[in-house]
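Quick notes on the structure that follows.
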Amino acid sequence: MIKKDIKNRADVFLLVDSFYKKVRQNGEIGHFFNNTITNWESHLEKLTDFWEGNLFFTGSFMGNPAQAHVKVDAEHKNSITEYHFGIWLNLWFQTIDELFEGEYAQRAKNNARKMSTHLFLRIYQNRGISSKA
């Protein structure tokens, strides 16, 4: 199979949809998503907006990923760890490698690596704030 690079919204949707099918089935992180997200169709569109903006600077995403992740962590009794982010990241890389190659595929990996670190730090920082309140 000849792979192409991520070039447009349809490619981003294919990546996001394929990735979250894996996430939802994963025994270690799937419950965080399956217990939180009630409308997957809408959520996949929102995630596609996020990654399309992240890769192509479209500005179509409206939301606050850090705030959303802090909320999910609190709803799951502060149980999200860097280990869970590692699983998420490995599934992301695996999905990209199965479907795409090229500059934007690499950018999607690099951006996810930075984002996972940032989101975990925000979760961790929020735990310190909420435990003192």
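Below are the figures for this structure:
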{"read-out": "Segment 62-81: number of residues that are part of a helix (DSSP H, G or I) and loosely packed, with under 14 Cβ neighbours inside 10 Å", "value": "3"}
{"read-out": "Residues located in segment 103-131, provided they are of a type in the set (S, T, N, Q), over 20 Å from residue 48 (Cβ atoms) and more than 13 Å from the chain's Cα centre (by Cα)", "value": "125, 126, 130, 131"}
{"read-out": "Among the residues listed as 80, 29, 2, the single one being among the β-branched types (Val, Ile, Thr) and in contact with a His (Cβ under 6 Å, 6 or more places away or on another chain)", "value": "29"}
{"read-out": "Any hit, segment 89-102, residues being in a helix (DSSP H, G or I), exposed (fewer than 13 other Cβ atoms within 10 Å of the Cβ) and either modelled with pLDDT under 95 or under 12 Å from the mean Cα position of the chain (by Cα) (or both)", "value": "yes"}
{"read-out": "Residue list for segment 2-38, filter: aliphatic (A, V, I, L, M) and either on the phi > 0 side of the Ramachandran plot or assigned to a helix (DSSP H, G or I) (or both)", "value": "10, 12, 14, 15, 16, 23"}
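Each row is one residue, and each column tells you yes or no for (1) touching a Leu at 6+ places or on another chain (Cβ under 8 Å); (2) not aliphatic (A, V, I, L, M).
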| residue | (1), (2) |
| --- | --- |
| 24 | no, yes |
| 36 | no, yes |
| 76 | no, yes |
| 85 | yes, yes |
| 88 | no, yes |
| 91 | no, no |
| 101 | no, yes |
| 110 | no, yes |
| 118 | no, yes |
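The values are calculated or read from the model by the stated rules, or taken from the named source; none is laboratory data. The structure presented is a predicted model; accordingly, all values stated were derived computationally and were not measured. Cβ: placed from backbone, ideal geometry, glycine included. Neighbour counts: every protein chain shown.
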